[in-house]
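Chemist: Have a look at this one.
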Amino acid sequence: MDRAARPRSASLGDFQFGAVATETIEDALLYLARRNEQAVREATGQQGHFRFREPVLAEFVFLLSEQWCLEKSVRYQAVEILERFMVKQAEDICAQATVQLGDSEWTEAPNWRVRKERLCSQFVLRLVSCVQLASKLSFHYKIINNVMALHFLQGLGYPYTKEELLESELDVLKSLDFQINLSTPLEYVEMLLEVLGYNGCVVPATQLHATCLTLLDLVYLLHGPVYESLLRAAVGDATPSQLQGEKFCSVEEDFMLLAAGVIAASAFMQNHACWSQVVGHLHSITGITAASIAEFSYAVLTHGVGASTPGQQPVPPGREAWVPGPLLPLPPPPRQAEATDTSGLMS
């Protein structure tokens, strides 16, 4: 698509805070808190739970979304759809990899390798389908039609037809049981910024918003290093065991923690002096411990600026005096109590 013919992408200046009634904000925050707790509990209860988070694929989606001038929410939605689709496909392939012949005898299934090879060969097609589906969830802005998608794929040397493109979208939808309206960390970031604005945060929400979007991109692109740092801090060991890593997987599903950490890191970059106040507000709103928020913001800042020695690392005020506490998931009751306390949210 010619650059001159592209539509104007969503501007950060178009985003407005403080335009929604307080009661609506409270209801929406409570809904997100409950949804987040459910996701964390489900991840905790699933044996062998894992995420398909490859930074190069997130980068591919981000670049493609930028080329198609899609707003930020679409790129995050596309990554979440793609990840869950790939996880579902991997689980299905693993489940079909072996078949039981008797009480204790197993053998390799004849067709699982074929399915694996097909998934790999059609991966770019599936990725484009995930971006298309995400754009359709944001139909108020811009939808990526089949002509644009085919033009992109053919430019890469993939001679797909319109029918194959439609079948690919349907395959993704069926694999996810048509449940593609997934939560993204951006929803939590913007909701917490809205509440911070009502609570009188000294740093304007609009100013924090722009920085949060940049840091959120970094967390997606540096997912491994950021969460590995959090794991080491949580267990107090530079070489966590496999079991500790498996138990920690539920933290990766905690978008409320991610949003709070990104906002705290943004506040530190915008105004060092108000960082502690912002962390305090975030603790009151979410119920997440200040130590967990600080640890996450420290990991984001450390990997975001590429520091390699302790002297180069940005240390948020007061962090050096804290003993790292256990990271999330926190028990549901405290978080829910905080979220339902109206005076605590909008005081």
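Chemist: Give me the pairs: first residue in the stretch 140-167 and closer than 15 Å to LEU127 by Cβ, second residue part of a helix (DSSP H, G or I) and open to solvent by 70 Å² or more (accessible area, probe 1.4 Å), beta-carbon distance under 7 Å, and six or more apart or on different chains, which are they?
Modeler: Correct list of pairs: LEU150/LYS162.
Chemist: Here are ARG34, ARG41: which of them is modelled with pLDDT of 90 or more, part of a helix (DSSP H, G or I) and either among the polar types (S, T, N, Q) or open to solvent by 40 Å² or more (accessible area, probe 1.4 Å) (or both)?
Modeler: Result of the check over ARG34, ARG41: ARG34.
Chemist: Being open to solvent by 80 Å² or more (accessible area, probe 1.4 Å), in contact with a Leu (Cβ under 7 Å, 6 or more places away or on another chain) and either at pLDDT 85 or above or part of a loop (DSSP other than H, G, I, E, B) (or both) narrows it down to one of GLU59, GLU66, GLU80, GLU26, so name that one.
Modeler: GLU59
Chemist: Separate question: Answer with yes or no whether ALA234 is farther than 20 Å from GLN132 by Cα and crowded, with 18+ Cβ neighbours inside 10 Å.
Modeler: Yes: the conditions hold for ALA234.
Chemist: Considering only the stretch 236-246, state which residues are touching a residue at least 12 places away in the same chain (Cβ under 8 Å) and assigned to a helix (DSSP H, G or I).
Modeler: GLN244, GLY245, GLU246
The values are calculated or read from the model by the stated rules, or taken from the named source; none is laboratory data. Everything quoted here is computed from the prediction, not taken from an experiment. No Cβ is skipped: glycine too gets one built from the backbone with ideal geometry, and neighbour counts run over all protein chains shown. These accessible areas exclude ligands, DNA and RNA; they are computed on the full protein's heavy atoms, side chains included. Shrake-Rupley method; radii C 1.70, N 1.55, O 1.52, S 1.80 Å.
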